[in-house]
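**Student:** Below: one structure in C-alpha cells.
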Amino acid sequence: MRNLRFAMFGAGFWSRFQLAGWRELPGVECVAIFNRTLSKAQALAKEFGVPRTYADPEELLRKEKLDFVDVVTDVDTHSRYVKLAAAHKLPVIGQKPMAPSLSVAEDMVKTCRDAGVPFFVNENFRWQTPIRQVKQILASGVIGTPFRARLDMVSGFPVFKNQPFLAELEQFVLTDVGSHILDVARFYFGEAERLYCRAQRIHPTIKGEDVATVIMKMGGVTTVIVELGYAENALEQDKFPQTLAFIEGDQGSLELCVDYWIRVTTREGTMSKRYPPPRYSWADPAYDVCHASIVPCQANLLQALRGEGPAETTGEDNIKTARLVFASYESARTGQVMPIVGDQFRARGSPVVRI
Ligand code: 89Y
C-alpha cells in the first residue's frame, strides 16, 4: 500500500496535535508544511521530521506531489486555502469551524463539488470514545425514543491562556465549541427543524460571546438543549474538555457523567461503566479526550481518501452543522426562533414561530 502524501497548511495550536494524530496511522505521511511565518513551519517540521517548509502555498502546491491537503489555519483563511487546493484538483480537509459565515461555507462546499474534489472537515468530537459509546447505546434502543436531551460543555478552564486567539474572535463559543456540540447533537438526534438561541458575554475583555444556550427540535421528536460556557466563573468541578449529557427516552434514561462514566437507567435499574479515551504521549493531558479523538476522526477521513469507505464528516454533511451555528447567531441577534428548513435556515425578515 503506497503512503498517501499530504501537506499541512498552518503551524498553530492544532497543527502539532493533528500531525501527531496522522503519525498514529499507517499509510500516510506529511511531506511539507506551509505557514505564513516560515519559522513556525520550520520549528514544527523539525519536531515531526517533515522534509520541506514553505511560506508560499502556491509554491508548495506547484513543487510538491501530493494526495491531499490538510488545512489547519485560522478560520478566516480556510476558504482561501480550501479553494486553492480545489483549484489544484487536490482532495482537502478543512478545520472546524468551516468558515466565518454560512455563505462562505456554502461557497467552499460548492467550489469543491464543482471541481469534483473531495472536501472533508476535521470534526472530531463525535469521535470521542464516550460520545461514540452513547451513540451505540441510543442505537441499541435500550432507552427507547429519546424525547429530550441536554448536552453540556460548560467549563471554568482558562481556555484563553492556552488558545489566546479565541479571545480575539468576534464569534467565539458557538463557532469554537458550539460547532462540535451541535454536530454531536445532529449525530445523535438527526436534523433540527427549529432553533432558538441566547448568547452572552461574561468575560469583559474578549470580543465574542463566551456563553450560549441553544434549544432545538431535532429528528422530529427530540427537544435538545445545548449549553456552552467558558465564563471562567467558580465551578465546583471543572470538567474541561468533557461533554456531558443527560438523555431521556420513553423507556429509560442515559447520563454521560464526569470522568467518562456512562449511566444507563431502565426499569430494571442502573448500569454504569467508564469509557475513557485512549492516552497518547503527545496529547496535552488538559485536552486528552479531544486530542485522542483526532486519531479515529483522521482514520475515517483516510479511509475515504483511499476510496475504502465513506467519511462521516464531509463538507456536505458539516454544512448542516454550520447552519445550526449561524442560525444560532441569527436567533441570538433577533431574539427569534429560526426555522431550519431543508437546506437552509430562514434569515432576517422571514416568518418565524415562537417556542
Ligand atoms: O478549540 C476548541 C476545540 O476545538 O475543542 C476544545 C477547544 O480547544 C476549546 O474550546
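**Student:** Is the shape of segment 1-91 best called rounded, prolate or oblate, per the rule: a/c under 1.5 gives rounded, else a/b larger than b/c gives prolate, else oblate, with a ≥ b ≥ c the square roots of the Cα gyration tensor eigenvalues?
**Tutor:** rounded
**Student:** Based on C-alpha coordinates, I'd like the Rg and Dmax of segment 95-163, in Å.
**Tutor:** Looking at segment 95-163, its Cα Rg and Dmax stand at 17.4, 44 Å.
**Student:** Using every alpha carbon pair in the chain, what percent of pairs falls into each 20 Å bin from 0 up to the bin containing the largest distance?
**Tutor:** Bins of 20 Å from zero give 30, 59, 11, 0 percent of pairs.
**Student:** How compact is segment 235-334 by the rule of thumb for globular proteins, expressed as Cα Rg over 2.2 N^0.38 Å?
**Tutor:** Normalised Cα radius of gyration, segment 235-334: 1.40.
**Student:** Would you kindly find the accessible area of Glu47, with a 1.4 Å probe and non-protein molecules such as ligands, DNA and RNA excluded, rounding to the nearest 10 Å²?
**Tutor:** Solvent-accessible area, nearest 10 Å²: 100 Å².
**Student:** Could you rank the peptides 129-137, 15-23 by their average count of other C-beta atoms within 10 Å per residue, with the highest value first? Before the final figure, lay out the partial values.
**Tutor:** On the way: 129-137: 18.2, 15-23: 21.0.
Peptide ranking by packing, descending: 15-23, 129-137.
**Student:** Taking 8 Å as the Cα distance limit and 6 or more residues as the minimum spacing, I'd like the relative contact order of the chain as a percentage.
**Tutor:** Numbers: 744 pairs, mean separation 60.0, N = 355.
Once divided by the residue count of the chain, the mean separation gives 17 percent.
**Student:** Pairs Lys161/Lys217; Lys135/Lys320; Lys135/Lys273; Lys96/Lys217: which exceed 26 Å Cα-Cα?
**Tutor:** Too far apart for the 26 Å limit: Lys161/Lys217.
**Student:** Additional query: Taking only the Cα atoms of segment 152-204, how large is their convex hull per residue, in Å³?
**Tutor:** Values: hull volume 5.4 nm³, N = 53.
Convex hull volume per residue, Cα atoms: 102 Å³.
**Student:** Let me ask something additional. Apply the Karplus curve 6.51 cos²θ - 1.76 cosθ + 1.60, θ = phi - 60°, to the phi angles in segment 251-256 and return the couplings in whole Hz, x for Gly and Pro.
**Tutor:** With the stated coefficients, segment 251-256 comes to 10, x, 9, 9, 10, 9 Hz.
**Student:** Please list, in order along segment 240-245, the HN-Hα scalar couplings obtained from phi with the Karplus expression 6.51 cos²θ - 1.76 cosθ + 1.60 (θ = phi - 60°), rounded to whole Hz, x for Gly and Pro.
**Tutor:** 3, x, 7, 8, 10, 8
**Student:** Find the accessible area per residue for the chain; the probe is 1.4 Å, ligands and nucleic acids are left out, and the unit is Å². Write out the running numbers ahead of the final one.
**Tutor:** Numbers: 15400 Å² over 355 residues.
I get 43 Å² per residue for this part.
**Student:** With a bin width of 5 angstrom, please list the P(r) values of segment 164-261 as percents of all Cα-Cα pairs, from the 0 bin to the one holding the largest distance.
**Tutor:** Bin by bin from 0 Å, the calculated values are 3, 12, 20, 22, 20, 14, 7, 2, 1, 0.
**Student:** Under the Karplus relation 6.51 cos²θ - 1.76 cosθ + 1.60, θ = phi - 60°, what is the ordered set of whole-Hz ³J(HN,Hα) values for segment 153-169, x standing for Gly and Pro?
**Tutor:** After applying 6.51 cos²θ - 1.76 cosθ + 1.60, I find 9, 10, 9, x, 4, x, 5, 6, 6, 7, 10, x, 4, 5, 5, 8, 6 Hz.
**Student:** While we're on this one: Principal axes first, then extents: for the Cα atoms of segment 104-207, list largest minus smallest coordinate on each axis, whole Å, largest first.
**Tutor:** For segment 104-207, the Cα spread along each principal axis is 46, 42, 29 Å.
**Student:** For Phe9, which sequence-distant residues (separation of 5 or more, or a different chain) have an amide H within less than 5 Å of its own amide H, given hydrogens modelled in the peptide plane?
**Tutor:** Counting only residues 5 or more places away or on other chains, the set is Phe34, Asp70, Val71, Val72.
**Student:** State the antiparallel share, in %, of DSSP beta bridges confined to segment 80-226, rounding to the nearest 5. All intermediate terms of the calculation are to be shown ahead of the outcome.
**Tutor:** Details: 13 of 21 bridges.
DSSP beta bridges in segment 80-226 are roughly 60 percent antiparallel.
**Student:** Antiparallel versus total DSSP beta bridges in the chain: what percent is that, nearest 5?
**Tutor:** Working: 42 of 69 bridges.
DSSP beta bridges in the chain are roughly 60 percent antiparallel.
**Student:** Let me ask something additional. Ratio of segment 1-156's C-alpha Rg to 2.2 N^0.38 Å, to two decimals? Walk me through the intermediate numbers first.
**Tutor:** Details: Rg = 17.9 Å, N = 156, 2.2 N^0.38 = 15.0 Å.
Dividing the Cα Rg of segment 1-156 by 2.2 N^0.38 Å gives 1.20.
**Student:** Quick one, can you get me the convex hull of the C-alpha atoms of segment 294-335 expressed as volume per residue in Å³?
**Tutor:** Details: hull volume 2.7 nm³, N = 42.
Hull volume normalised by residue count: 64 Å³.
**Student:** So, one more: Can you give me the Cα centroid spacing of segment 55-70 and segment 98-139 in angstrom?
**Tutor:** Each part's Cα centre sits 23 Å from the other's.
The values are calculated or read from the model by the stated rules, or taken from the named source; none is laboratory data. Predicted model only: the values in this text are computed from it and were never measured. Ideal geometry is used to build each Cβ from the backbone, glycine not excepted, and the neighbour counts take in all protein chains shown. Ligands, DNA and RNA are excluded from the accessible area calculation, which covers all protein heavy atoms including side chains. Shrake-Rupley method; radii C 1.70, N 1.55, O 1.52, S 1.80 Å.
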